Amino acid sequence: MDLSSLKPAEGSVKSRKRIGRGVGSGKGGTSTKGHKGQKAISGYSRKKGFEGGQMPLVRRLPKYGFNNINRVEYKSINIGTLQTLAEKKSLTAIDVKTLYEAGLVSKKDKVKILGRGELKAKLDVKAHAFSKSAIAAIEALQGTATKIVNE
């Protein structure tokens, strides 16, 4: 076997449609665009959302709502989840990296620890935000709740 004998699989390569190359080609004249009309014109492209002159859906529906560009979204994790994670992997300290490795958060998520569930072991927790009940539950067992500022 040599490189000169290599060929693509049968039917895997199609030749492109050569339009506008004379009447004899079978695709000359109107170049498969039909006769006259808006779509036969050179450079035709329909606008996104165009509905044939009917008022488009985007313009029929009213605008509403507000998106706050300063909003900070947190991924919430309850202390009950931290307890099960600590038991499963026998941890004393939990941070965002640990939660990421456990598959609980994505890499760029900001994490907020919430107070639902029961904490039985002393834990040192690092996260972007904490609820008051979570801080109380962590510190009741002599653990620490450390806020991550710029990350």
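Quick rundown of the values:
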| item | result |
| --- | --- |
| Of residues in the range 30-62 being within 21 Å of Arg18 (Cβ to Cβ) and of a type in the set (D, E, K, R), the one modelled with the highest pLDDT | Lys33 |
| Filtered residues of the range 1-18 (kept if hydrophobic (A, V, I, L, M, F, W, C) and within 40 Å of the chain's Cα centre (by Cα)) | Ala9, Val13 |
| Where a residue in the range 97-108 is touching a residue at least 40 places away in the same chain (Cβ under 8 Å) and closer than 13 Å to His128 by Cβ and its partner, wherever it lies, is surrounded by 11 or more Cβ atoms within 10 Å (Cβ to Cβ) and of a type outside the set (Ser, Thr, Tyr), with Cβ under 9 Å and at least six apart | none |
| Cross-chain or 6+ apart pairs with Cβ under 9 Å, the range 129-151 first and within 17 Å of Gly80 (Cβ to Cβ), then among the acidic types (Asp, Glu) | Ala137/Glu118; Ile138/Asp124; Gly143/Asp124; Ala145/Asp124; Ala145/Glu139 |
| Criterion (of a type in the set (D, E, K, R) and farther than 30 Å from Lys110 by Cβ) met by exactly one of Lys63, Lys47 | Lys47 |
| Qualifying residue in the range 5-24 (condition: assigned to a loop (DSSP other than H, G, I, E, B), touching a helix residue (DSSP H, G or I) at 6+ places or on another chain (Cβ under 9 Å), in contact (Cβ under 8 Å) with a residue 12 or more places away in the chain and loosely packed, with under 13 Cβ neighbours inside 10 Å) | no |
| In the range 25-38, the residues that are surrounded by 10 or more Cβ atoms within 10 Å (Cβ to Cβ) and of a type in the set (Gly, Ala, Ser) | Ser25, Gly26, Gly28, Gly29, Ser31 |
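So that you can scan it fast, the table gives a plain yes or no per residue for (1) on the phi < 0 side of the Ramachandran plot; (2) of a type outside the set (A, V, I, L, M, F, W, C):
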{"position": "Leu3", "(1), (2)": "yes, no"}
{"position": "Pro8", "(1), (2)": "yes, yes"}
{"position": "Lys17", "(1), (2)": "yes, yes"}
{"position": "Val23", "(1), (2)": "yes, no"}
{"position": "Lys33", "(1), (2)": "yes, yes"}
{"position": "Gly37", "(1), (2)": "no, yes"}
{"position": "Ser42", "(1), (2)": "yes, yes"}
{"position": "Lys47", "(1), (2)": "yes, yes"}
{"position": "Gly52", "(1), (2)": "no, yes"}
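The values are calculated or read from the model by the stated rules, or taken from the named source; none is laboratory data. Just so it is clear, the structure is predicted and the values come from calculations on it, not from any experiment. FYI the Cβ positions are ideal-geometry reconstructions off the backbone, even for glycines, and counts take in every protein chain you see.
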